[in-house]
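Just so it is clear, none of the values below were taken in a lab; they were calculated from the coordinates. Bear in mind the structure is a predicted one, so any value in this text is a computation, not a measurement. Don't worry about glycine lacking a Cβ; one is built from the backbone with ideal geometry, like all the others, and counts go over all protein chains shown.
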Amino acid sequence: MTTAWLVLALGENREHGGNDGYDDNPAVHYSWDSTVQNHARLAVGDVIALWDRKELIGVSVIEAIDTDTAEKTVYFCPQCQKSDIKRRQRRTPAYRCGQCRAQFDTPARKTKAVTTYRSLHSKVWMDCRGLLSGAELRALCDSPKSQLSMRPARWEKLRDALLEAAGEELPLDLEGDGWAPIPGGHKISNVRVRVGQSAFRSRLLREQGEQCAVTGAAPAAVLEAAHLYSYADSGEHHDFGGLLLRRDIHRLFDIGQIAVDPHSGLIDIDPSLHSYPLYARLHGQPLAIQPRPEHKVWLEAHWLSKRSAS
């Protein structure tokens, strides 16, 4: 199984053990040093997933790791000598120790020789904002309750979560020609992402709220931005050309087993789903949102393309 690493990237705000931070550029490189736990375990060919505690930023594969040595300034509590300190933004004294709870304005400091690391991973970088939340990412780690800035996970779990979050928008051809060998005996697939999809979903969430258009209120984590037309054909995000749909509803909508009758405006469930009470009870119900005229045009086109032959 391919190893994946969930690594914390907060730019200038990323600190570890009372240091001065790191110069991350998420789409290009990620920096750390030998003071960080798991520092020597990352390897060329590993998947690297960067997050900011709130959501996934992006995913790539480590192409190379540059190493060097440096003198590093480390700050620590003057009372207990531990480096578990954090600058406070709005309170005084400026620092508080996470170990002994001492408060102080000026931390103690020392310099030490460290090994520095920088991963290079720009070639297959995939922007993933809006796909997985911080809570979802923590659950994918080998140790979900870990507080480490570099946490091991399984690429297979992360891949499946990304596929579920993006639906058909994140194709991974596991047997196709897109596979490329990488050192260590693992393989990765080329990934194609719909440009602007994250922004499209964010706009729908602002406009429609946390509502599946078919089933009603639902957590944002299970809602997908569903195009009411074939995005593969047009490649455009049309205004009012999408609705938020729960993941399972989205899939069934795409294959035409769920549609909206343009004459009645009511949800139509294909007879093949009538043996499933969860879906059968939706048949003949109105949409959970009030569709705009533009939505109705797209929904009628969807009906004609999926149901005209039946």
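Tabulated values for the structure
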quantity	calculated
Along principal axes, Cα extents of region 63-136, largest first, whole Å	46, 34, 18
Cα-only Debye scattering, region 3-173: base-10 log of I(q)/I(0) at q = 0.08 Å⁻¹	-0.28
Label-to-label distance, nm, for residues given as Arg281 and Asp105 (7 Å Cα→Cβ offset)	6.4 nm
Per-peptide average of other Cβ atoms within 10 Å, ordering 141-147, 205-211 highest first	205-211, 141-147
Across Lys54/Lys86; Lys54/Lys296; Lys54/Lys110; Lys54/Lys157; Lys72/Lys157; Lys72/Lys123, pairs whose alpha-carbon gap is larger than 24 Å	Lys54/Lys296; Lys54/Lys110; Lys72/Lys157; Lys72/Lys123
Separation in nanometres of the label points that stand 7 Å from Cα toward Cβ, at Leu163 and Arg292	3.4 nm
Region 61-99: trypsin sites (Lys or Arg not before Pro) in DSSP coil with no more than 13 other Cβ atoms inside 10 Å	Arg88, Arg90, Arg91
Region 197-307 - convex hull of the alpha-carbon atoms, volume per residue in Å³	96 Å³
His29, His250 arranged by Cβ crowding within 10 Å, fewest neighbours leading	His29, His250
